[in-house]
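Asker: For reference, the structure I am asking about is given below.
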Amino acid sequence: MVEFDFDSEELMLKLQAIRKKAVRLSMYRLGVFFGMAAVLILGLAEHPIWFAPGILAAWFFIKLVGWYNFQKDQEAIYLSLQKMGDQADKRIKRTLSGLDSGSEYSEKNHPFSSDLDLFGDHSLFQLLNHTVSKGGKDRLASLMKRRFDREESTARAEAVSELAGKHLFLQAMEASGLAFRKDEISGKWTEWLGQPEKSSSLYRLLSVAGPVGGVSLLVLVFMGIIPEAALGIWILTGVGLLSRIFHPLKAAAEAIPSATTLQSFLVRTELIEKEDFLSSALRKEKAALSGSGVGASVLLRELDQLGLWAQNRINLLYLPINLLFWTDFLLFIRLSAWKNRVGQSLSHLPENLENWEVWVSLGAFESELEGSGKFDWTDGVGLSGQDLTHPLIAPGKAIGNSVDFDPSRKIVILTGANMSGKTTFMRTLGINCVLGNLGLSPFGKSLTLGPIQLYTSMRNSDNLGESVSSFYAELSRIHQLIERLESGEPLFFLLDEILKGTNTQDRVSGSEALILQILKTKGFGIISTHDIELSSLEKSVEKVINYSFHSEILDQTIHFDYKIKNGPCPSFNAHKLMELMGIKFQN
């Protein structure tokens, strides 16, 4: 079998060449078709000797069709590579408009996904997603929202590191999925494979009798030994017998994926089977493809031929052949034997390939983008991040910051001017923790994480349908945090502008009470606030420290350096911002 070209170099030149070749093959095919028709007519009208070149022409016509289809498939791959290149350029530049946002996976009540821009416009999902099917997307989104697990994360990191070095493999897997995948697999596929097909000696006898009887009758009628009416009786007999297997073959035709989808399965399966892997996770995924001990690609080739046959039974060219030679019995015997022998081992194939779509997404993210920091798990509950940046901010604009948590530094009170970078810094920490759990490198120098779970409360909005105010929504999030902490669960939390929906006095007293309550648990994290009064807790309460982001007012502008600093914020800029927005204060 000729292999496809998945190299993305000089794509435009390759596309031009492949299209010219397809046009030439199309012209050759047309010429051979007319030549084939001519010699067949001569064979019928003049002498049977003309059938010999007619058969040769038919064979050559079939070969030309195969060559032409290969060129069109290769063109589809080149177009997919071109599309992938455009998408990669968007990701690198962080201009993510037009990429699948995955907004349907956002969960308002999830512990952290809605606060960290995992899904939606300008989201991590847009940077990460290289899947080609709905099932692959579902699995990737589920993994992004999964609880932190050190063992799984470590295994994924080993596999992702290996995949990141297999650029051509990643490119080929995604391109073949995009080029050929046309439909989603329905439940009929698994259901059909799971039902054993009953054959009989009668069907096997008819699969032989049909072709032999049909050919014999045609010869006898052609020679004038029996009348043509005998063919009519033979066909009517065939209609009655073929009706016995009509419904099983119809069910098979509906259940078997389309030729393009099988092509996608076959190409990707062959790519996986030919690739050598070192990591245990990838070797396990590869082994899962061959549940019966036979390569899945071998089974798919067999099914591709049988499926094409079953799905084209109603074709006008096939119907007279079937009625004359009862070929449906031969199809039924072969399909039943294949299904009963190995069919069940392919029922898991769509799910396995969906898992590979997730692996390709992780490997491509690691290879394509600039995350190159070192990620480690540690036994002690804590977190240490050095020079971390946000993956959704373009590399030239992202500002790195560092922070450390340990048993003596459990709660950071983060103060700062408006727009100075407090919330972005908190999201930077959260999203890099998610990357680490996915087995991906953090953006920055390093990130070390203890055995913790992540919890955020940042985007709390009202809900008129549920009669919930934004303040009550925040209290509900805090209530969930308290419940989990008091159950003994170690949590890293990020609380942005805590209790902002109430008055200053209640906000400060409530925040102080919450901080003292958290210090008795295994929780640690950041609480951002505009209430500078909270910064005084550092002097009276152990394990509480102050960090801040500053701004500098320059005439009619405000300058931000977006660098975290020790201590509380010495000044705020809300007054100046309001002036710049047109609010006139009376002296």
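Asker: Spelling out what I want: for every residue of segment 271-282, take phi, set θ = phi - 60°, compute 6.51 cos²θ - 1.76 cosθ + 1.60 (Karplus), and round to whole Hz; glycine and proline get x.
Answerer: So the Karplus estimates, Gly and Pro as x, are 4, 5, 5, 7, 8, 9, 10, 9, 5, 5, 5, 6 Hz.
Asker: Can you compute 3J(HN,Hα) from phi for each residue in segment 302-310, using the Karplus curve 6.51 cos²θ - 1.76 cosθ + 1.60 with θ = phi - 60°, rounded to whole Hz and x for Gly and Pro?
Answerer: 4, 5, 4, 5, 5, x, 4, 5, 5
Asker: With only Lys, Arg, Asp and Glu charged, each at its Cβ (+1 for the first two, -1 for the last two), find how big the charge dipole of segment 374-581 is about the Cα centre; round to the nearest 20 debye.
Answerer: 400 debye
Asker: Can you give the charge dipole size of the chain about its Cα centre, rounded to the nearest 20 debye, using +1 on the beta carbon of Lys and Arg and -1 on the beta carbon of Asp and Glu?
Answerer: Value, rounded to 20: 1260 debye.
Asker: Let me ask something additional. Please give the per residue accessible area of the chain, computed with a probe of 1.4 Å over protein heavy atoms only, in Å².
Answerer: Heavy-atom SASA per residue in the chain reads 48 Å².
Asker: Antiparallel DSSP bridges in the chain: what percent, to the nearest 5? Can you show the working numbers first?
Answerer: Values: 16 of 39 bridges.
The antiparallel proportion sits near 40 percent.
Asker: Per DSSP H run of n ≥ 4, the term is -39500 (n - 2.57); total these for the chain, divide by its residue number, and report the mean residue ellipticity at 222 nm rounded to 500 deg cm²/dmol.
Answerer: -18000 deg cm²/dmol
Asker: List, in order, the whole-Hz ³J(HN,Hα) value for each residue of segment 502-515 obtained from phi through the Karplus relation with A = 6.51, B = -1.76, C = 1.60 and θ = phi - 60°; use x for Gly and Pro.
Answerer: 10, 6, 4, 4, 5, 5, 5, 5, x, 5, 4, 5, 5, 4
Asker: Something else: Tell me whether segment 374-581 comes out rounded, prolate or oblate; compute the Cα gyration tensor, take square roots of the eigenvalues as a ≥ b ≥ c, and use a/c under 1.5 as the rounded threshold.
Answerer: Numbers: a/c = 1.43, a/b = 1.08, b/c = 1.32.
Rounded shape, in that the Cα axes give a/c under 1.5.
Asker: Across segment 187-368, how many lysine pairs, 8 or more apart or on two chains, come within less than 24 Å at their alpha-carbon atoms?
Answerer: 9
Asker: Straight-line reach from residue 563: which lysines have a Cα under 22 Å away, not including same-chain ones fewer than 8 places off?
Answerer: List returned: 374, 397, 410, 422, 445, 576.
Asker: Over 5 Å intervals from 0, what percent of Cα-Cα pairs in segment 348-453 sits in each interval?
Answerer: 2, 11, 20, 21, 17, 12, 8, 5, 3, 1, 0
Asker: Over the chain, what is the mean sequence separation of C-alpha contacts under 8 Å (at least six apart), divided by residue count, expressed as relative contact order in percent? Don't skip to the end; give the middle numbers.
Answerer: Numbers: 853 pairs, mean separation 87.3, N = 587.
Across the chain, relative contact order equals 15 percent.
Asker: I would also like to ask the following. At each listed q (0.09 Å⁻¹), what is the log10 of I(q)/I(0) that the Debye formula gives for the chain modelled as equal alpha-carbon point scatterers?
Answerer: -0.83
Asker: Let me ask another. Given a cut-off of under 8 Å on Cα pairs at least six residues apart, what relative contact order in percent is computed for segment 187-368?
Answerer: 42 percent
The values are calculated or read from the model by the stated rules, or taken from the named source; none is laboratory data. Keep in mind it's a predicted model, so treat the numbers as computed, not measured. In this analysis, Cβ positions are derived from the backbone assuming ideal geometry, glycine residues included, and neighbour counts consider all displayed protein chains. Accessible surface is based on the protein model in full, side chains and every heavy atom, while ligands, DNA and RNA are left aside. Shrake-Rupley method; radii C 1.70, N 1.55, O 1.52, S 1.80 Å.
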